[in-house]
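Here the structure is laid out as structure tokens; the discussion comes afterwards.
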Amino acid sequence: MQTNPCFNNLPEFPKNLTAASIIAYVEDVLMAVGLKEHYWCFGMFKRSRRILGTCDFRNLTINLSETFFVSCVELNAREELQHTILHEVAHALAHQHFGMYGKGHGRAWKMFCHKLGIPSNRLHEGAAGERTVRKSVNWKLIIDTTGEVVGEYLRKPRFNVYESYIKGRKEETLHHLKLVNTKWQILKAKNPTH
């Protein structure tokens, strides 16, 4: 795969993690990959513990979670922060070059991840992200006869579990699905006397 020469000349990631240095870095990256001339810019958003960064196609903005940024600064997670920024830049490039066909984590996005020199995995791994992203599952839908988990939910589902079944497995799952509160199980495991 041929690499675009401007992607080889990405600016160096800042040694000191400050808001000003990160803003300058992202602006320089946008300039180096040709997105600045299409009016792309950088911003931060608050109050998100589940999303580390976003690429806003409508407002042409690369956004970063303030919570995630603070975690990266406290843990000095430079590589994690850089990969998250470049992950969102890859989304912007895919959208800029392929329009609606460049959305998501498909081939176009993966190609730009490769050109930017970052892994093309869409799930986040790392200390700051683990600290920022809330991955708790509060409810699990299980088949009571086998114990197989067939669904996980943050909030308690509102459908009638007893009358529900898994498509393609009606005989096996009708009247055999059960919701389990995983928070309650964790509390019971920590305090077995209660």
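The values are calculated or read from the model by the stated rules, or taken from the named source; none is laboratory data. Keep in mind it's a predicted model, so treat the numbers as computed, not measured. Cβ coordinates were reconstructed from backbone atoms using ideal geometry, including for glycine residues, and neighbour counts include every protein chain displayed. These area figures cover heavy atoms from the full protein model, side chains too; ligands, DNA and RNA do not enter into them. Shrake-Rupley method; radii C 1.70, N 1.55, O 1.52, S 1.80 Å.
Quick notes on this one:
- A residue that is closer than 30 Å to LEU154 by Cα, of a type in the set (Lys, Arg) and out of contact with any strand residue (DSSP E or B) (no Cβ under 7 Å at 6 or more places or on another chain) cannot be found anywhere in region 4-21.
- For region 42-77, the tally of residues that are closer than 21 Å to ASP28 by Cβ and acidic (Asp, Glu) stands at 2.
- Against the numbered list (1) at pLDDT 85 or above; (2) closer than 24 Å to SER21 by Cβ; (3) part of a loop (DSSP other than H, G, I, E, B), HIS105 comes up short only at (2).
- Residues of region 108-135 that are at pLDDT below 85 and either part of a helix (DSSP H, G or I) or among the aromatic types (Phe, Trp, Tyr) (or both): ALA127, ALA128, GLY129, GLU130, ARG131, THR132.
- Filter result for ARG169 (at pLDDT below 85 and open to solvent by 40 Å² or more (accessible area, probe 1.4 Å)): no
- Close pairs (8 angstrom Cβ cut-off, 6 or more residues apart or separate chains): part of a strand (DSSP E or B) in region 142-159, open to solvent by 80 Å² or more (accessible area, probe 1.4 Å) anywhere: ILE142/LYS178; ILE143/LYS178
- Among the residues of region 85-97, some residue qualifies, meaning at least one is assigned to a helix (DSSP H, G or I), at pLDDT 85 or above and open to solvent by 50 Å² or more (accessible area, probe 1.4 Å).
- Residue in region 44-55 that is modelled with pLDDT of 85 or more and open to solvent by 50 Å² or more (accessible area, probe 1.4 Å) present: yes
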